[in-house]
Amino acid sequence: MLSQNQTLVTEFLLQGFSEHPEYQLSLFICFLSLYSVALVGNVLIILAITCNPGLYTPMYFFLLNLATMDIICTSSIMPKTLKGLVSDRSPISYGGCMAQLYFLTWAASSELLLLTVMAYDRYAAICHPLHYGNMMNKEFCSMLAAGVWALCACNTAIHTGLMTRLNFCGPNVITHFFCEVPPLLLLSCSSTYVNSVMIVLADAFYGILNFLMTIVSYGFIISSILKMRTSEGKKKAFSTCSSHLIVVCMYYTAVFYAYISPVSSYNPEKSKLAGVLYTMLSPTLNPLIYTLRNKEVKAALRKLFPFLKN
């Protein structure tokens with residue numbers, strides 16, 4: 001129960017990067033550039049895949065889903081972050097904070113799970129090439145993608161629902177540039193035990209179990225590549241999964257750096273850096289990694305936009 005001299009918080013203040021005012025203009029220009037490149041790059045990937053029947057394959061179907069997740073992830077926080085960088089204060093309503101928390105967590109967790117699905121797709125393509133068509137048929141791929149979106153939506157709804165049950169009595173300054181679970185829990189004046197337990201379970205599933213499944217998939221992939229007799233075959237097989245492997249390493253580095261730790265040991269500076277990595281840098285680099293290293297996507301873009309031809 002709240003005491004009479006306690007007031008429920010109806011608005012939060014995002015700390016952002018206000019502790020470094022001398023860098024805010026530079027950060028605004030940098031983040032605006034990253035956001036623009038992320039939006040343009042991921043939209044181009046979606047257009048290239050949807051408008052080119054030659055890219056109607058499982059790998060590109062999952063890549064389309066990844067691009068959509070990247071757009072949701074970065075768009076859920078960047079407009080507010082950019083506004084905060086040019087304002088003296090960055091308020092966000094309680095409802096707006098919960099909405100931001102939901103869509104960001106939904107997209108970020110979906111991306112982790114989708115990366116595991118994409119690793120399985122590469123495993124099926126390289127380790128079982130003769131049965132790949134049956135293993136990754138259209139219906140199964142659609143079911144996997146729908147399962148990723150639905151499972152993560154339900155998981156995020158649970159975490160957001162548990163967050164809305166907490167009382168926030170003040171202070172109301174979130175030590176981050178977006179609404180995130182750990183700093184919100186630290187502001188709560190009610191018990192956060194259930195929230196903390198659910199966070200540990202989510203970390204175990206998304207961070208550890210998914211990571212292990214991805215590692216196992218690549219263990220089989222590398223083993224199959226090493227057994228190939230020709231260097232040309234090895235090179236071709238590795239090229240089909242190298243882009244995904246780079247994205248996996250980059251994304252999990254950010255996640256492990258910031259979130260595989262107890263809420264009590266939350267570090268604002270470390271979390272902000274990781275937040276930049278997975279909400280801005282990763283969505284920006286993903287389309288560049290997949291297009292610059294993929295001849296089929298580049299060919300589809302040139303067909304879609306003839307002026308890109310040399």
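A few points about this structure:
- Contact order normalised by residue count of the range 194-303, Cα under 8 Å, 6+ apart, percent: 25
- Candidate lysines - alpha carbon under 23 Å from Lys80, same-chain residues fewer than 8 apart omitted: Lys270, Lys272
- Relative packing of peptides 180-192, 143-155 - highest average C-beta neighbours within 10 Å first: 180-192, 143-155
- Take the Cα of Ser190, step 7 Å toward its Cβ, do the same at Gln24, and the gap between the two points is 3.4 nm.
- When you count the other C-beta atoms within 10 angstrom of each residue and take the mean per peptide, 275-288, 218-231 line up highest first as 275-288, 218-231.
- With kT/(6 pi eta Rh) evaluated at 4 °C and eta = 1.567 mPa s, and Rh the Kirkwood radius from Cα pairs, the range 18-133 diffuses with a coefficient of 78 µm²/s according to Stokes-Einstein.
- Contact order relative to length of the chain, as percent, for alpha carbon pairs under 8 angstrom and 6 or more apart: 28
- Here the Karplus curve 6.51 cos²θ - 1.76 cosθ + 1.60, taken at θ = phi - 60°, turns the phi angles of the range 34-47 into couplings of 4, 5, 5, 5, 4, 5, 4, x, 6, 5, 5, 5, 4, 5 Hz, with x standing for Gly and Pro.
- Calculated log₁₀ intensity ratio I(q)/I(0) where the Debye formula runs over C-alpha points of the range 103-172, q = 0.18 Å⁻¹: -0.75
- A protection proxy built from the mean count of other Cβ atoms within 10 Å ranks the segments 129-135, 109-115, most packed first, as 109-115, 129-135.
- Amide H within-cut-off set for Ile174, under 5 Å, with H built and near neighbours excluded: Leu13, Leu14, Gln15
- Annotation: lysines with alpha-carbon distance below 22 angstrom to Lys235 (same-chain offsets under eight excluded): Lys227, Lys295, Lys298.
- Inter-part distance where the range 166-180 and the range 4-54 are each reduced to a Cα centre, Å: 18
- Total charge dipole magnitude, the range 1-123, about the Cα centre, Cβ charges on Lys, Arg, Asp, Glu only, Debye to nearest 20: 160
- Note on the range 201-251: Kirkwood radius taken over Cα pairs, Stokes-Einstein applied at 10 °C and 1.306 mPa s, translational D equal to 131 µm² s⁻¹.
- Residue-wise HN-Hα couplings along the range 124-130, as the Karplus relation 6.51 cos²θ - 1.76 cosθ + 1.60 with θ = phi - 60° gives them from phi, are 5, 5, 8, 8, 9, x, 6 Hz; Gly and Pro carry x.
- Left without a cysteine partner by the 4.7 Å Cβ rule in the chain: Cys30, Cys51, Cys73, Cys127, Cys141, Cys152, Cys154, Cys241, Cys249.
- At full extension, Cys169 and Cys51 could sit 37.3 nm farther apart than now, given 0.36 nm per residue minus the alpha carbon distance.
- Phi-derived couplings, Karplus 6.51 cos²θ - 1.76 cosθ + 1.60 at θ = phi - 60°, listed residue by residue for the range 136-142: 10, 6, 4, 5, 5, 5, 5 Hz, with x used for Gly and Pro.
- Computed FRET value (nearest 0.05) for Ser36 with His128, which takes r as the C-beta separation and R₀ as 51 Å: 0.80
- In straight-distance terms, cross-link reach from Lys138 covers every one of the aspartates and glutamates whose alpha-carbon lies under 16 Å from its own, apart from those fewer than eight places away in the same chain; here that gives Asp121.
- FRET efficiency, Phe103 to Lys83 (Cβ-Cβ, R0 30 Å, nearest 0.05): 0.95
- Proximity of backbone amide H atoms, modeled 1.01 Å from N, is registered between Cys169 and Val9, Cys189 at under 5 Å, excluding neighbours fewer than 5 places apart on the same chain.
- Value of Rg to Rh for the chain (Rh from inverse mean 1/r over Cα pairs, i.e. Kirkwood): 1.01
- Cα-centred dipole magnitude for the chain, charges only on beta-carbon of K, R (+1) and D, E (-1), debye, nearest 20: 1180
- Extension gain from Tyr94 to Lys270, taking 0.36 nm per residue of separation minus the Cα-Cα distance: 60.9 nm
- Only alpha carbons enter this Debye calculation for the range 165-218, each as an equal point scatterer, and the log10 of I(q)/I(0) it gives at q = 0.14, 0.26, 0.29, 0.30 Å⁻¹ is -0.50, -0.99, -1.09, -1.12.
Throughout, read-outs are computed from the coordinates displayed, never taken from laboratory work. In this text the structure is predicted, and so the values were computed from the model without any measurement. With ideal geometry, Cβ positions are generated from the backbone for all residues, glycine too; neighbour counts draw on all protein chains shown.
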